[in-house]
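The values are calculated or read from the model by the stated rules, or taken from the named source; none is laboratory data. What you are looking at is a predicted structure, and each value in this text was computed from that prediction instead of being measured. We place every Cβ from the backbone using ideal geometry, glycine too, and count neighbours over all the protein chains shown.
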Amino acid sequence: MADRPKRILLIVGGGIAAYKSCELVRLIRKGGGEVTCVLTEGGAKFVTPMTLAALSEKPVHTTLWDLKNEAEMGHIQLSREADLVVVCPATADLLAKMAAGVADDLATTLLLATDKPVLAVPAMNVRMWQHAATRRNVARLRGDGVTVMEPDEGPMACGEFGPGRLPEPEVVHAAIMRFVSADPLEGQPDFADDRHRGLHGRHVLVTAGPTHEPIDPVRYIANRSSGKQGFAIAAAAAEAGARVTLVAGPVHLDTPPGVDRVDVESAREMLAAVEAALPADVAIMVAAVADWRAADAAGQKIKKDGSGTVPPLALAENPDILATLARSKQRPALLVGFAAETENVIDHATAKRARKGADWIVANDVSGDVMGGDANSVHIVTASGSESWPAMAKHKVARALVDRIAKDIAK
């Protein structure tokens, strides 16, 4: 039986940033989640209940004093049906009330009554964010177990510049997805302050999937890569605060939230897209690029002639994207390659690292069902040696790799 959709209770605070809550609702729904919206009095000055109801396809709650809702549901039940409570935008006033335990409207009453995790996404003027009272309230909320994201830095509606902008909806959605997909045995992920995760402000370039090299208009040379590991790495890098460019071969996967995707077919197209995406701080070359292509792809479908003779297929070598990037004048500070091997995994990966000029090689044994599967067991080969990681789900491999990358480039 499939897992039920994740349920998000979204509390929309006041401020001009409230309009971004509409896009957040759309992203949650697109990702398969359910959203119930609670609109504060301040939020209703910028977003209407009808808009949120149309996007969420659920009634929008605005007041404690709705006798019909109290009779049928009650604010206590509403506060506990969700898997996660999200406050977005969280104004300075709302954060202060949360920290003090005030319950003077529906939103604050739900927050005080809930027994579910709470994620607050602040948005306010830079001076308000930096005020000692707000910093004290944020510290208290985090001490109480509330996850408070760091706001973005940039120009504000009031004309000032600095930290206080609401993160883009894609970034907030990525944080929500990390929360609701976390392993209960590992506890909730620690992403309250992406600014200090090491990839904030960095540009990370990722390649993923196979390439298709045409033989004729209906046939091509390819491999079994699903793209899942590369897409998971792109998602993890975006969650860690990076600007991510994902160059993807032909795969049927959704674009991770907050990721800029470039679709390509062949190895030569992938190389061109990689070079166009430079400069980058980190490049992670996960794609399983075809080593060869047809030297002269036919313009029409090659037909059998009935003689039983197999037509010759002359091959040409494809460009080596990893080695080309290693020699580039715009070489990233950290260049990570992948090696899919079926035997002598570490030995082959060690030789590949030296031959290609990469900083790291992430190697795995693909003799089983790794290609197309959901789990992976990798070995990290660097100049100082190698280390082997236990088998993990691909999204966990991605997060562990991104955490290691963040620590390395912060040195």
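For segment 89-112, filtered to residues that are over 14 Å from R140 (Cβ atoms) and not hydrophobic (A, V, I, L, M, F, W, C), the residue that is farthest from the chain's Cα centre (by Cα) is D104.
Scanning segment 320-337 for residues that are under 23 Å from A234 (Cα atoms), assigned to a loop (DSSP other than H, G, I, E, B) and not aliphatic (A, V, I, L, M) yields a count of 5. For segment 202-224, the set of residues classified as out of contact with any Ser or Thr (no Cβ under 9 Å at 6 or more places or on another chain) and either closer than 30 Å to A175 by Cβ or buried (at least 20 other Cβ atoms within 10 Å of the Cβ) (or both) consists of R202, T207, listed by residue number. Of the candidates A340, A358, A398, the single residue that is hydrophobic (A, V, I, L, M, F, W, C), in the same structural domain as V251 (by TED's automatic domain parsing) and assigned to a loop (DSSP other than H, G, I, E, B) is A358. Here the condition is being more than 24 Å from R353 (Cβ to Cβ) and out of contact with any helix residue (DSSP H, G or I) (no Cβ under 8 Å at 6 or more places or on another chain); of P256, P312, P279, it holds for P312 alone. Among the residues of segment 33-42, is any farther than 23 Å from T109 by Cα, free of Cβ contacts under 8 Å to residues at least 12 places away in the same chain and of a type in the set (G, A, S)? Within segment 33-42, not a single residue is farther than 23 Å from T109 by Cα, free of Cβ contacts under 8 Å to residues at least 12 places away in the same chain and of a type in the set (G, A, S).
Residues of segment 367-381 include at least one that is at pLDDT below 85 and more than 25 Å from the chain's Cα centre (by Cα).
The residues on offer are T309, T255, and the sole one that is of a type in the set (S, T, N, Q) and within 24 Å of A406 (Cα to Cα) is T255.
Please indicate, with yes or no, whether at least one residue in segment 184-191 is modelled with pLDDT of 90 or more, out of contact with any helix residue (DSSP H, G or I) (no Cβ under 9 Å at 6 or more places or on another chain) and more than 30 Å from T108 (Cβ to Cβ). No: zero hits.
Given the structure, is A283 in contact (Cβ under 8 Å) with a residue 24 or more places away in the chain and over 23 Å from R219 (Cα atoms)? Can you show your working first?
Working: in contact (Cβ under 8 Å) with a residue 24 or more places away in the chain: yes; over 23 Å from R219 (Cα atoms): yes.
For A283, the condition - in contact (Cβ under 8 Å) with a residue 24 or more places away in the chain and over 23 Å from R219 (Cα atoms) - is met.
Just to check your reading of the model, which residue among D305, D320, D403, D359 is charged (D, E, K, R) and within 15 Å of A287 (Cα to Cα)?
Working: D305 fails: within 15 Å of A287 (Cα to Cα); D403 fails: within 15 Å of A287 (Cα to Cα); D359 fails: within 15 Å of A287 (Cα to Cα).
Answer to the selection: D320.
Evaluating A96 against the criteria (1) closer than 20 Å to E168 by Cβ; (2) modelled with pLDDT of 95 or more leaves one unmet condition, (1). In segment 312-338, the residues that are surrounded by fewer than 19 Cβ atoms within 10 Å (Cβ to Cβ) reach residues that are charged (D, E, K, R) and assigned to a loop (DSSP other than H, G, I, E, B) with C-beta atoms within less than 6 angstrom, at least six apart or across chains, in these pairs: A333/D281; L334/D359. If you go through segment 39-60 one residue at a time, how many are in contact with a Leu (Cβ under 6 Å, 6 or more places away or on another chain) and aliphatic (A, V, I, L, M)? Matching residues across segment 39-60 total 1.
If you go through segment 62-88 and keep only what is at pLDDT 80 or above, acidic (D, E) and part of a helix (DSSP H, G or I), you end up with just E81.
Within segment 21-61, the residues that satisfy the criterion of being closer than 21 Å to D254 by Cβ and in a helix (DSSP H, G or I) are C22, E23, L24, V25, R26, L27, I28, R29, K30, L55, S56.
Here R243, R293 are screened, and the one residue that is basic (K, R), in contact (Cβ under 8 Å) with a residue 12 or more places away in the chain and touching a Leu at 6+ places or on another chain (Cβ under 8 Å) is R293. In this entry, A232 is excluded by the filter for residues that are at pLDDT below 90, under 10 Å from the mean Cα position of the chain (by Cα) and of a type in the set (A, V, I, L, M).
Of everything listed in (1) at pLDDT below 90; (2) over 17 Å from G230 (Cβ atoms); (3) not aliphatic (A, V, I, L, M), the single unmet condition for K396 is (2).
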